[in-house]
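Here's the structure we're looking at; comments come further down.
The values are calculated or read from the model by the stated rules, or taken from the named source; none is laboratory data. Please read these numbers as outputs of a predicted model, since none were measured by experiment. Counting neighbours? That spans all protein chains shown, and the Cβs are built from the backbone with ideal geometry, glycine included. These area figures cover heavy atoms from the full protein model, side chains too; ligands, DNA and RNA do not enter into them. Shrake-Rupley method; radii C 1.70, N 1.55, O 1.52, S 1.80 Å.
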Amino acid sequence: MQTKLFIDGRFVESACGGTIPVLNPFDNSEICGIAEGTAADIDLAVAAAKTAAPGWAATEPSIRGNALLRLADLIEKNGEELATLEALDTGHPLRDARKLDVPRTVACFRYFGGMADKFEGYLPPVYPGFLNYVQREPIGVVGQIVPWNFPLMFTSWKMGPALAAGNAVVLKPSELTPLTTLRVAELMHEAGFPSGVVNIVPGYGHTAGARLASHPDVGKIAFTGSTATGRKIVEVSAGNLKKVQLELGGKGANIVFQDAVIPAAVNGSAWAIFHNQGQACIAGSRLLLHEKIADEFLERFMGLARSIRLGNQLDLATEMGPLTSKQQQEKVLRYCKVATDEGGEILSGGRVPDRDELSKGCFVEPTIVRARPGDTVNREEVFGPFVTVSTFREDEEAVAIANNGHYGLGSGLWTTNITRGHKVARQIRAGMVWVNSYKVAHPSSPFGGTGESGYGRDMGFEAMREYTWPKSVWVNVDAKVMPHYER
Ligand code: NAD
C-alpha cells in the first residue's frame, strides 16, 4: 500500500518527515501511517505542476482524454482492492463501496475522458467584417481540497474535468481518509499521465490545505468540505485573486406530501439519510411530513430504521458501518443531547449500539428526532445518521420550512401529483431537487449548491466551464466597421 506523497511523478517522503496515523473506524485500530505533507511539500507539488501545465495544455485533447479512459479501465480492473481500501478507511459498507463508489468513480473518469475532445468554443454573431471566436483555455495549476466522506469518488469529480480541460493538479485528500486517493495516484502513473500533471499531497488542513489555498501560483482552488473551512479558503485565496469553487455543507429538506406513494417514500427517505451513515452533504436530514400521512409514514420509517444491519463494514451483510471518525461519532451524540435539551424527542436511536463487538468503533444507531423547524438540530448540519421530523399542512408551509436556512444544496419531495411536483421543485432554493427519488447523481448532471452551500459546480459541462476561462479573439476580416480617427 502506497503511503508517501505523489509529487512530480514519484512517491516521496514528506519534507518534515512526520506521519499521520490512518485508523479503521470499526475499532479505531491503526491501518498505517502516511507521510504528512506540509507547506513545503505543497510548494514542491505546485512547482512541479507549474512546469508540467503548459505541456499538458498543449497536448491534443483526445490524448488527454485517452489517459483518463485508461485510468478508468485501471480503476475498474483494481475495483475490488479499491472498494476494500475505501471501506476500511472510511467505514463505508463494502457492499456500497463495490456497488456505488467504484463504478461511479469509473463512470465519472470515463465521462470526462470522453469530454476532453468534445468541449467546444463558439462564434458570437458580432459586427459584419469581424470574426470573433471564443475558446476555452485551461487555468494552469489547479488546487483541489476534498473531505473524508467519499474520497475515491471525489478523485474523479475533481480531477476528471480539471485534467480533461488541460490543467495540472495538486490535490490534497483529507488527512483522515487518504488511502484510495494514493492508490489512484499509482494508477494514474500507470495510465501514463506525464510527471507533474497530477500531484497528491495528503496533509492537515491548517498546514498543507491552507498553503494550497493561498499559493500565488495556483490559479484556481476547488474545495469540497464544511462551510466554515470554505470561508477560510475564500479569505486566503484573495492574495492572487484565484478562482474559487466551493461545494460546502447542506441541510436537505425531504418533503413527503399527502399523495405520495408511502412505501417508496419511506424507502427513499431512509436511503436519503442513512446511506453512508448520513455523512453526505446532500443527505435528506430534515424530513417534512404532511400531517395526514405522518403517523403511517413514521411507523414504517422507524421500522425500517431499526431493521438496518449495523456491523463491520467489511462484512457483506452490513448495511451501515461506523462513522468515519471518533470526532464525528461524538458530534452526532452531542447533537442528540442538544435536541432533547431544546425540547425535541428522540423517537428512535440516539445511542451507540449496545453490542460488544461494535463497542470500540465509531457507531451511532439510525436516529430519528422530532424537532421544531427553528431548533438547532434543524439549522445546523449534523453529518450523521440523524434525521429530524416535523409536520406541515399546506404546500406553502412546507416550502417555507424547506427554504428556511442558509444552506441550499439538495432537497427532495414525494408526490403523485405532477403539477405539485414541478411547482414545488421550482420553489425550493437548492442546487439539486429530486422528485420521487433522492441522492441520484450522474457525471453529466451538475452538482453543487447555492447560499452557504457554496458556488460553482462539479460534473457535466458546467465542470468543464469551471476549469477553463473564455478567451475572446477578434479578427478583422473586412475592416469597414472598425472604429477609427477620421482623417
Ligand atoms: P472540513 O472542511 O473540515 O475539511 C475538508 C478538507 O479541507 C480536508 O481535506 C481538510 O484537511 C481541509 N481543510 C481543513 N481546514 C483547512 C484550511 N484552513 N485550509 C485549507 N484546507 C483545510 O470538512 P470535513 O469535515 O472533512 O467534511 C465534511 C463537510 O464537507 C461537511 O460540511 C459536508 O457537508 C461537506 N461536503 C460537501 C459536499 C458538496 O459537494 N457540497 C460533498 C461532501 C462533503
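On the basis of being of a type in the set (A, V, I, L, M), part of a helix (DSSP H, G or I) and out of contact with any Phe, Trp or Tyr (no Cβ under 8 Å at 6 or more places or on another chain), does Val184 make the cut? Spelling it out, Val184 is indeed of a type in the set (A, V, I, L, M), part of a helix (DSSP H, G or I) and out of contact with any Phe, Trp or Tyr (no Cβ under 8 Å at 6 or more places or on another chain).
Taking the criterion of being surrounded by 24 or more Cβ atoms within 10 Å (Cβ to Cβ) and hydrophobic (A, V, I, L, M, F, W, C), the residues of segment 204-218 that qualify are Ala208, Leu212, Ala213, Val218.
Among the listed residues Val184, Val201, Val236, Val197, identify the single one that is assigned by TED's automatic domain parsing to the domain that holds Ser14, open to solvent by less than 40 Å² (accessible area, probe 1.4 Å), within 15 Å of the ligand (Cβ to nearest atom) and in contact with a helix residue (DSSP H, G or I) (Cβ under 6 Å, 6 or more places away or on another chain). Even if it seems obvious, please write down each step before you answer.
Values: Val184 fails: within 15 Å of the ligand (Cβ to nearest atom); Val236 fails: open to solvent by less than 40 Å² (accessible area, probe 1.4 Å); Val197 fails: within 15 Å of the ligand (Cβ to nearest atom).
It is Val201.
For segment 95-113, a residue qualifies if it is open to solvent by 10 Å² or more (accessible area, probe 1.4 Å) and more than 16 Å from His442 (Cα to Cα), and the qualifying residues are Arg95, Asp96, Arg98. Here Ala83 passes the criteria (1) open to solvent by less than 10 Å² (accessible area, probe 1.4 Å); (2) touching a residue at least 24 places away in the same chain (Cβ under 8 Å) except the one numbered (2).
When His406 is tested against (1) over 26 Å from the mean Cα position of the chain (by Cα); (2) of a type outside the set (Gly, Ala, Ser); (3) more than 27 Å from Ala83 (Cβ to Cβ), only condition (1) is not met. Restricting the first member to segment 406-425 and to residues that are closer than 14 Å to Asn436 by Cβ, and the second to residues that are open to solvent by 60 Å² or more (accessible area, probe 1.4 Å), the beta-carbon pairs closer than 6 Å and six or more apart or on different chains are Leu413/Val435; Trp414/Asn436; Gly421/Val435; Ala425/Val435.
Would segment 137-145 turn up any residue that is out of contact with any Ser or Thr (no Cβ under 9 Å at 6 or more places or on another chain), surrounded by fewer than 24 Cβ atoms within 10 Å (Cβ to Cβ) and either farther than 26 Å from Lys4 by Cα or modelled with pLDDT under 95 (or both)? Among the residues of segment 137-145, not one is out of contact with any Ser or Thr (no Cβ under 9 Å at 6 or more places or on another chain), surrounded by fewer than 24 Cβ atoms within 10 Å (Cβ to Cβ) and either farther than 26 Å from Lys4 by Cα or modelled with pLDDT under 95 (or both), which makes the answer no. Can you name every residue in segment 461-487 that is part of a loop (DSSP other than H, G, I, E, B) and closer than 24 Å to Val170 by Cβ? Across segment 461-487, the qualifying residue is only Tyr467.
For segment 298-316, which residues satisfy the criterion of being more than 17 Å from Arg370 (Cβ to Cβ) and within 26 Å of the chain's Cα centre (by Cα)? Matches in segment 298-316: Ile308, Arg309, Leu310, Gly311, Asn312, Gln313, Leu314, Asp315, Leu316.
Counting only residues that are assigned to a strand (DSSP E or B) and more than 10 Å from the ligand (Cβ to nearest atom), which one in segment 433-460 is surrounded by the fewest Cβ atoms within 10 Å (Cβ to Cβ)?
Start the filter on segment 433-460 by keeping residues that are assigned to a strand (DSSP E or B), which leaves 433-435, 447, 458.
From what is left, the residues that are more than 10 Å from the ligand (Cβ to nearest atom) are 433-435.
Values: Val433: 21, Trp434: 22, Val435: 16.
Of everything passing the filter in segment 433-460, Val435 is surrounded by the fewest Cβ atoms within 10 Å (Cβ to Cβ).
Kindly check whether there is at least one residue in segment 131-144 that is away from the ligand (no atom under 16 Å from the Cβ) and more than 20 Å from Ala57 (Cβ to Cβ). Yes: segment 131-144 contains one or more residues that are away from the ligand (no atom under 16 Å from the Cβ) and more than 20 Å from Ala57 (Cβ to Cβ). If you go through segment 390-432 one residue at a time, how many are out of contact with any strand residue (DSSP E or B) (no Cβ under 6 Å at 6 or more places or on another chain), open to solvent by 40 Å² or more (accessible area, probe 1.4 Å) and either aliphatic (A, V, I, L, M) or closer than 11 Å to Leu288 by Cα (or both)? Looking only at that region, the number is 4.
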